[in-house]
Amino acid sequence: MNDKIKVLIVDDHNLIAQAWTSILQVEEDMQVVGIAASSEEAQQMAHSYRPNIVLMDINLREGDGFEATEAIINKQPKTKVIGLSIHDDTALVKKIISKGALGYLTKNSSKEELIKAIRTVDLGEQYICEEIKDKFLKSMFSNDGDSVELTNREIQIVKLIATGMTSKEIGLKLNVSNRTIDTHRHNILKKLNIPNSAQLGIWAKNKGYI
């Protein structure tokens, strides 16, 4: 049984892709299953190899790393994406996360951080590199709905979402339907202008709800 983390590298600079491959191949729990140089190739290889992790350069010459991320995750929800870029722009981080990515690294990140990020994201947890983490969190919460009031029920649901409970689990706990919880979840994210439940969990912790 192969328990290795299967990694697909997407980058149109061959030297960088080869360098990442060399770093990861020496890790006993990782296996590079392919290297793609375009959005289309990335989607095809993701479908063929079913990687656990895709390292996605968002600045591809052929195609769009953001669209490729969204397409891969829509077709293969179990595959997790880490966005990579030379830029430390928080807007890029927010955009790639809004497409479904769980991580973001700049190309200044160390090999140790690259490996840590892959292992963290493989577990379903978010990872933002140290270089940009503080700036990203500050940008997330500087205009994050301080003037928006949540109802008591919404606060209750936020707390439960932040603990990792599913809509079904929350519905059972509150004695309401899954659909009702999903509606609340959608309204809360829209009200706070937060892209997904993972970010909502960070918001809740930052606000002291959990």
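The residue that is modelled with the lowest pLDDT, among those in segment 1-34 that are under 20 Å from the mean Cα position of the chain (by Cα) and within 18 Å of Asp64 (Cβ to Cβ), is Asp11. If you check Gln25 against the conditions, is it in contact with a Leu (Cβ under 9 Å, 6 or more places away or on another chain) and surrounded by fewer than 19 Cβ atoms within 10 Å (Cβ to Cβ)? In short, no.
Checked against (1) at negative phi; (2) surrounded by fewer than 17 Cβ atoms within 10 Å (Cβ to Cβ); (3) not polar (S, T, N, Q), Ala101 meets all criteria but (2).
The residues on offer are Val176, Val148, Val158, and the sole one that is farther than 19 Å from Leu84 by Cβ, β-branched (Val, Ile, Thr) and modelled with pLDDT under 85 is Val148.
Within segment 175-198, track down each residue that is without any contact (Cβ under 8 Å) to a residue 12 or more places away in the chain and under 22 Å from the mean Cα position of the chain (by Cα).
Listed by number, the residues that qualify are His186, Leu189, Lys190.
Only one residue in Ile132, Ile96 is assigned by TED's automatic domain parsing to the domain that holds Thr69 and at pLDDT below 90. Which one? Show your work before the answer.
Values: Ile96 fails: at pLDDT below 90.
Of Ile132, Ile96, the one residue that is assigned by TED's automatic domain parsing to the domain that holds Thr69 and at pLDDT below 90 is Ile132.
When every residue of segment 29-37 is checked against the conditions, at least one turns out to be in contact (Cβ under 8 Å) with a residue 40 or more places away in the chain, out of contact with any Gly (no Cβ under 9 Å at 6 or more places or on another chain) and either surrounded by fewer than 21 Cβ atoms within 10 Å (Cβ to Cβ) or more than 13 Å from Leu84 (Cβ to Cβ) (or both).
Determine whether segment 61-77 contains at least one residue that is in contact with a Gly (Cβ under 9 Å, 6 or more places away or on another chain), surrounded by 13 or more Cβ atoms within 10 Å (Cβ to Cβ), under 21 Å from Gly124 (Cβ atoms) and polar (S, T, N, Q). Within segment 61-77, one or more residues are in contact with a Gly (Cβ under 9 Å, 6 or more places away or on another chain), surrounded by 13 or more Cβ atoms within 10 Å (Cβ to Cβ), under 21 Å from Gly124 (Cβ atoms) and polar (S, T, N, Q).
The values are calculated or read from the model by the stated rules, or taken from the named source; none is laboratory data. Quick caveat: nothing in here was measured; it's all calculated off a predicted structure. Every residue, glycine as well, gets a Cβ built from its backbone with ideal geometry; the counts of neighbours run over all protein chains shown.
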